[in-house]
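Participant: Sharing a structure, written as structure tokens. Questions coming.
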Amino acid sequence: MPATFPLRWFAKFGIAALGLLLACALATAWFGNTLQLPSTTTRDGTLITMNRYVTEPIPDVVLLGSSLTFRLKEEYFATPALRNLALAAGSPVTGLEIVASQPRPPKIILVETNILSRAADPAVVARYSGSGSSQPMFLRPIRTAIAAYENWNHAPLTHAQAAVALGRLLAQPPSEFDNHIYLERALQQENADDPTAAVRRNAKRIEELIATLEQRGAQVLLFETPVSAQLEQSRSARITHEIVHARFPDPDRWLRVVFTRSELRWSDGVHLDERSAVIVAHSIDQALASLPGKR
Amino acid sequence: MTFTSWQFGVLVAVVFGAYYVPPLRTFQIQLLVVASLIFYGYGQPELLPLLAVAVFGTYLFLILALRNRVIWLPLGIAFNLALLAFFKYKFLFLDPAASGLTGVEPIDFLLRLPLPVGISFFVFHNVSLLVDLTRQKSAPPALTSVFLYIIFFPQLVSGPITRAEMFMPQIKPKYLADIPFVEAAKWIVSGFFFKLYVANNLNEMTSYMTFPLYETLQTQDRWLLVFLYSYQIYADFFGYTAIAIGLALLFGYRLPINFNLPYIATSFSEFWTRWHISLSTWLRTYLYVPLGGNRHGVFRTYLNLMIVMGLGGLWHGAGLGYLLWGLLHGLLLVMERPILSRLQSIDSVALRAARRSVVFVCVTMLWIFFKLPNFDHAIGYLSGMFALGTNPNPPKLFYNLALLYSLPVMLQHLVPHALFERVLPRADPYLYGAMAALMILEAGPETSFIYFQF
């Protein structure tokens, strides 16, 4: 070490760096890591959803699925203790694997089967499987500050709090937004590939996980989130529908979701717009309420 | 191997540990060359022979050009430009998806080789080596010195583009006592902070600028994201360069400064003296001046500017978007040239602020062609900025988060330098310490440096 080594500068530098790290470590130990951080990508949303599932009390009902179901926000549902674990750009198998890996399953598990062409995300499954998620040692100070502000300023609504606004939304007529450009693009994408192999693999895995979960007392029901009539006829949707219904032919395995299709709209060609999502959420509420001996 | 990987940290620690050990001092150059080869070949060893061809080829042409500059210098430059053209622009003429590109197996093998990382940078080093050393009529340098100049790992893949006449005289024994540790630490911490905290976090947001995601954005968010990308690309490239400069200092080499607060430029010509300075300097020295510069009248000057900026755009990639980006910058330079001296003669704070704003907004808008190299996508994004968004379910962007992640770039550019100088001498170890902690705590998801693709 040369005689001119600026020890004082590096000592101050180290004190500042370690001080900030220590402050964040203490804050994490003190407050925990449960604040819902703002998500800037769909991946972030996934992690937030799963963080909540493994750190909060087990809900009575969980929804698993893809981005189609992700749009059904929890505050749209009147059913209490319902948690939506659908993963935008993800596979329902990811959620099902995580739910099955937890010590106690929810009473009712609803699995959307529209999109089964995607494999489970092994990284997300590994992170949230087992007795609990591994918590990071340090919280992210900037995101936590923003999360605290956002939660204070725009706290997530309960169904009761949102009911008036949802009622107003339902009173409006369906949107007249012309989505044909988005729909054409979605159709092009959904007609491009043959998902047979992936769907078969995922359907088989879902069957195995259903058997495991039902042995542990959960009831697993399948459902299809409504998509537009054109998209329903796409190659991918038809193949998926045929394979899944062939593997699960028992009508009692399916949640009977009843809705008026003419009321529904898909603003981006694929996903339900907000009003339609509320309608479908209410339909699921009714279907859950009518389950024999479960509610 | 990237600067942000743990493998790179281990490599630097091992090489630094051995570099200043007195018995190894005579092997310092060789040690850096070996480290650079490991750095470059890690993960893609098949590219090492190409690097060897570039270095040995350039060295051979250098030796020959030192004997006869007139014949061998142009050939040496052509050899390097041919390498660049072959790897970078081949798919302008060939379909990469075709099963048999030419039908000749060895040629197809070469054509299918991936773009060597950093080729645009080390080819420019090679040209500088040939021009500078043959102009100085100096004695032929040792092969290891040539190797070191071309492949010195801090600057190998993304610059700064160091001129041979600046780097070669620095090749001599180095001593630990000469290292400016604080300066090196400041550069390295700043670099990692700007990359991990600013660029990687902003990248999460600007990922919405890609096709077709951008179609779901609200109009005001399209505008916001363009400005965020402007901050991101600066933070990303400034970050890389700062790390490179700091690392080079640890090994006793001083690389040129590549950025000097480019977003406070009051003219487009000033912008190019502040942004990617080493590339602008290279283009001016080895292209603009040899083309005649401003010595042959107004029209020829404008033409030279357009040629240099157009080629500068194409240097970034073989695409219409890059060419257009360069040409539009050229056009802005041409347009401001006749009025620049008149504008500069007016001493007005308001006018200076207005000029800064105009330059910043124009430069920022042109970054769209970088983010979206597909020309149709870029035009689609641009036109959407001037139309009302129609998607009823646009993604939600957190403006407060965007502001906090952009803040370091804004502060760096907007806080008066004098204030920094007055406050920093006492506070700077604490400030850099806080930056070091924040880059760990608040690092965005790992993404490669934007300029790696060039």
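Participant: Once R0 is set to 41 Å, what does the formula 1/(1 + (r/R0)^6) return for the Cβ-Cβ distance between B:R422 and B:T219, expressed as a FRET efficiency to the nearest 0.05? Write down the numbers at each step before the final one.
Facilitator: On the way: r = 42 Å, r/R0 = 1.02.
Between B:R422 and B:T219 the formula returns 0.45.
Participant: Also, I was wondering about something else. Assuming 0.36 nm per residue, please report the length gained on full extension of the stretch B:L414 to B:E446 beyond their Cα-Cα distance. Numbers along the way, then the final one.
Facilitator: Details: separation 32, 0.36 × 32 = 11.52 nm, distance 2.80 nm.
Contour length minus Cα-Cα distance gives 8.7 nm.
Participant: Sticking with this one: Got a sec? What order do A:L7, A:L85, B:L424 fall in by accessible area at 1.4 Å, biggest, i.e. largest, first? Don't skip to the end; give the middle numbers.
Facilitator: On the way: A:L7 120, A:L85 0, B:L424 40 Å².
The residues order as A:L7, B:L424, A:L85, largest area first.
Participant: Taking only DSSP H segments of four or more residues, each worth -39500 (n - 2.57), what value at 222 nm results for chain B once the sum is divided by all its residues, to the nearest 500 deg cm²/dmol?
Facilitator: Details: 20 runs with 289 residues, N = 454.
Mean residue ellipticity, 222 nm, calculated: -20500 deg cm²/dmol.
Participant: Taking accessible area as the heavy-atom solvent-accessible surface of the protein chains with a 1.4 Å probe, which residues of region A:138-154 lose no less than 30 Å² upon going from the isolated chain to the full protein assembly?
Facilitator: A:R140, A:P141, A:I142, A:R143, A:I146, A:E150
Participant: Follow-up question, since we're still on this one. Might you work out the accessible area of B:W223 for me, using a 1.4 Å probe with all protein chains in place, and round it to the nearest 10 Å²?
Facilitator: Rounded to the nearest 10, the figure is 80 Å².
Participant: Would you check the accessible area of B:M168, probe 1.4 Å, heavy atoms only, in square angstrom rounded to 10?
Facilitator: About 30 Å², rounded to the nearest 10.
Participant: Determine, from the Cβ-Cβ distance of A:L22 and B:N68 and an R0 of 45 Å, the FRET efficiency 1/(1 + (r/R0)^6), rounded to the nearest 0.05.
Facilitator: 0.10
Participant: For region B:298-389, state the average projected area of the convex hull of the C-alpha atoms over all orientations, rounded to one decimal in nm². Let's see the in-between values first.
Facilitator: Details: hull surface 29.4 nm².
Orientation-averaged projected area of the Cα hull: 7.3 nm².
Participant: In addition: Using a 1.4 Å probe on the protein heavy atoms, what percent of the accessible area of the protein assembly as shown belongs to carbon and sulfur? Show your work: numbers first, answer last.
Facilitator: On the way: 21840 of 33700 Å².
Answer for the protein assembly as shown is 65 percent, counting heavy atoms of protein chains only.
Participant: For the interface of chains B and A, what total accessible area is buried with a 1.4 Å probe, rounded to the nearest 100 Å²? Let's see the in-between values first.
Facilitator: Values: alone 20640 and 16270 Å², together 33700 Å².
Between B and A, the summed buried area is about 3200 Å².
Participant: Starting from the 7 Å offset along Cα-to-Cβ, what nm value, one decimal, do you get for the label separation of A:I181 and B:R135?
Facilitator: A separation of 5.1 nm, rounded to one decimal place.
Participant: Now for a separate question. Using only helices, what value at 222 nm comes out for chain A when you add -39,500 (n - 2.57) per DSSP H run of length 4 or more and divide by the total residues, to the nearest 500 deg cm²/dmol?
Facilitator: Working: 12 runs with 152 residues, N = 295.
The helix-only estimate for chain A comes to -16000 deg cm²/dmol at 222 nm.
Participant: Hey, another quick one. Explain nothing, just the number: dipole magnitude of the protein assembly as shown about its Cα centre with +1 on each Lys and Arg Cβ and -1 on each Asp and Glu Cβ, in debye rounded to the nearest 20. Let's see the in-between values first.
Facilitator: Numbers: 58 positive and 48 negative charges, 437 e Å.
Roughly 2100 debye for the protein assembly as shown.
Participant: What length, rounded to one decimal in nm, is gained on full extension from A:E263 through to A:Q189, with 0.36 nm per residue of separation minus their alpha-carbon distance?
Facilitator: On the way: separation 74, 0.36 × 74 = 26.64 nm, distance 2.52 nm.
Full-extension gain reported as 24.1 nm.
Participant: Any chance you could run the full-extension gain for B:V298 through B:F56? It's 0.36 nm times the residue separation minus the Cα-Cα distance, nm to one decimal.
Facilitator: Working: separation 242, 0.36 × 242 = 87.12 nm, distance 4.16 nm.
Stretched fully, the B:V298-B:F56 segment lengthens by 83.0 nm.
Participant: Any idea how many Lys pairs in chain A come in under 28 angstrom at the alpha carbon, given 8 or more places apart or on separate chains? Intermediate values should be presented prior to the final figure.
Facilitator: Values: A:K73/A:K107; A:K73/A:K294; A:K107/A:K204; A:K107/A:K294; A:K204/A:K294.
Taking chain A as the scope, the lysine pair count is 5.
Participant: While we're on this one: B:Q7 versus A:T55, label points 7 Å from Cα toward the beta carbon: distance in nm?
Facilitator: Going by the 7 Å Cα→Cβ label model, 3.4 nm.
Participant: Another question about this same structure. Name the residue from B:V358, A:N114, B:F370 whose Cα lies farthest towards the positive end of the charge dipole of the protein assembly as shown, charges +1 on Cβ of Lys and Arg and -1 on Cβ of Asp and Glu.
Facilitator: Checking the options against the dipole of the protein assembly as shown, the answer is B:V358.
Participant: In whole Hz and in residue order, list the ³J(HN,Hα) couplings for region A:215-221 that follow from phi through the Karplus curve 6.51 cos²θ - 1.76 cosθ + 1.60, θ = phi - 60°; x for Gly and Pro.
Facilitator: Whole-Hz 3J(HN,Hα) from phi for region A:215-221: 4, 9, x, 7, 10, 10, 10.
Participant: Rounded, prolate or oblate: pick one for region A:194-295, where a ≥ b ≥ c are the square roots of the eigenvalues of its C-alpha gyration tensor, a/c under 1.5 means rounded, and failing that, prolate if a/b is larger than b/c, else oblate. Please report the intermediate quantities before stating the final value.
Facilitator: Working: a/c = 2.37, a/b = 1.13, b/c = 2.09.
Note, shape of region A:194-295 comes out oblate.
Participant: Residues with amide H under 5 Å of A:E112's amide H, sequence separation 5 or more or different chain, H placed in the peptide plane at 1.01 Å from N; which?
Facilitator: Here the answer is A:L64, A:G65, A:F223, since their amide H atoms fall under 5 Å of that of A:E112.
Participant: Using a Förster distance of 51 Å, how high is the FRET efficiency between B:T102 and B:L331, based on the Cβ-Cβ distance and rounded to 0.05? The partial results should precede the final answer.
Facilitator: Values: r = 38 Å, r/R0 = 0.74.
Using R0 = 51 Å, I get an efficiency of 0.85.
Participant: Continuing with this model, one more query. Averaged over every viewing direction, what's the projected area of the C-alpha convex hull for region B:27-161? Give it in nm², one decimal, please. Could the numbers behind the result be given before it?
Facilitator: Values: hull surface 36.5 nm².
Reported value for the Cα convex hull: 9.1 nm².
Participant: Which of B:L228, B:A139, B:L81 sits farthest toward the positive end of the charge dipole of the protein assembly as shown, with +1 on the Cβ of Lys and Arg and -1 on the Cβ of Asp and Glu?
Facilitator: B:A139
Participant: Which of rounded, prolate, oblate describes chain A, given a ≥ b ≥ c as roots of the alpha-carbon gyration tensor eigenvalues and a/c under 1.5 marking rounded, otherwise prolate only if a/b is larger than b/c? Don't jump to the answer; show the numbers that get you there.
Facilitator: Details: a/c = 1.85, a/b = 1.73, b/c = 1.07.
Prolate, because a/c is 1.5 or more and a/b exceeds b/c.
Participant: About its Cα centre, what dipole magnitude does region B:159-225 give when the only charges are +1 on Lys and Arg Cβ and -1 on Asp and Glu Cβ, stated in debye to the nearest 20? Intermediate values should be presented prior to the final figure.
Facilitator: On the way: 6 positive and 6 negative charges, 61 e Å.
The calculation lands at about 300 debye.
Participant: I'm a student and want to see the number: the projected area of the Cα convex hull of region B:81-175, averaged over all directions, in nm².
Facilitator: Values: hull surface 31.8 nm².
So the Cα hull casts an average projection of 7.9 nm².
Participant: Shape of region A:235-295 from its Cα gyration tensor (a ≥ b ≥ c, root eigenvalues): rounded if a/c is under 1.5, otherwise prolate when a/b > b/c, or oblate?
Facilitator: Values: a/c = 3.03, a/b = 1.07, b/c = 2.82.
Oblate.
Participant: Please state, to two decimals, what the Cα-based radius of gyration of region B:309-454 comes to when divided by 2.2 N^0.38 Å (N = residues).
Facilitator: Compactness ratio reported: 1.35.
Participant: Please compute the volume of the convex hull spanned by the alpha-carbon atoms of the protein assembly as shown and report it per residue in Å³. Walk me through the numbers on the way to the answer.
Facilitator: Values: hull volume 153.8 nm³, N = 749.
Residue-normalised Cα hull volume stands at 205 Å³.
Participant: Would you list which lysines come within 26 Å of B:K172, measuring only between C-alpha atoms, while excluding same-chain residues fewer than 8 positions from it?
Facilitator: Here the lysines satisfying the reach criterion relative to B:K172 are B:K137, B:K186.
Participant: From largest accessible area down, sort B:M209, B:M306; use a 1.4 Å probe on the protein chains. Mind dumping the intermediate values first?
Facilitator: Working: B:M209 0, B:M306 55 Å².
Largest accessible area first, the residues go B:M306, B:M209.
Participant: Straight-line reach only, C-alpha to C-alpha below 15 angstrom: list the aspartates and glutamates that B:K90 could link to, leaving out same-chain residues fewer than 8 apart.
Facilitator: List returned: B:D108.
Participant: From the backbone phi of region B:320-337, what are the Karplus-calculated ³J(HN,Hα) couplings (6.51 cos²θ - 1.76 cosθ + 1.60, θ = phi - 60°) in whole Hz, Gly and Pro given as x?
Facilitator: 4, x, 5, 4, 5, 4, x, 5, 5, 5, x, 4, 5, 5, 5, 5, 7, 4
Participant: For q = 0.14, 0.21, 0.26 Å⁻¹, what log10 I(q)/I(0) does region A:53-133 give under the Debye formula with an equal point scatterer on each alpha carbon and no solvent?
Facilitator: Ignoring solvent entirely, the Cα scatterers give -0.41, -0.94, -1.35.
Participant: To continue, here is another question. Which whole-percent values make up P(r) of region B:3-88 when all C-alpha to C-alpha distances are grouped in 5 Å steps starting at zero?
Facilitator: All Cα pairs considered, the percentages come to 3, 12, 16, 15, 15, 15, 12, 8, 4, 0.
Participant: Along the Cα→Cβ direction, 7 angstrom out, place labels at B:F86 and B:D376. What is the inter-label distance in nm?
Facilitator: That separation, rounded to one decimal, is 3.3 nm.
Participant: Now, a different point. Under a 1.4 angstrom probe, counting protein chains only, how are A:W152, B:W315, B:W272 ranked by accessible area, largest first?
Facilitator: Details: A:W152 195, B:W315 10, B:W272 30 Å².
Ranked list, largest accessible area first: A:W152, B:W272, B:W315.
Participant: Roughly how many Å² is the accessible area per residue of the protein assembly as shown, as a whole number, for a 1.4 Å probe? Can you show the working numbers first?
Facilitator: On the way: 33700 Å² over 749 residues.
Accessible area per residue, the protein assembly as shown: 45 Å².
Participant: Scattering from the C-alpha atoms of chain B alone, worked out with Debye: what is log10 I(q)/I(0) at q = 0.09, 0.10, 0.13 1/Å?
Facilitator: -0.65, -0.81, -1.39
The values are calculated or read from the model by the stated rules, or taken from the named source; none is laboratory data. Please read all numbers here as calculations on a predicted model, not as lab measurements. Cβ: placed from backbone, ideal geometry, glycine included. Neighbour counts: every protein chain shown. When the accessible area is computed, the model is the full protein with side chains, heavy atoms only, and any ligands, DNA or RNA have been set aside. Shrake-Rupley method; radii C 1.70, N 1.55, O 1.52, S 1.80 Å.
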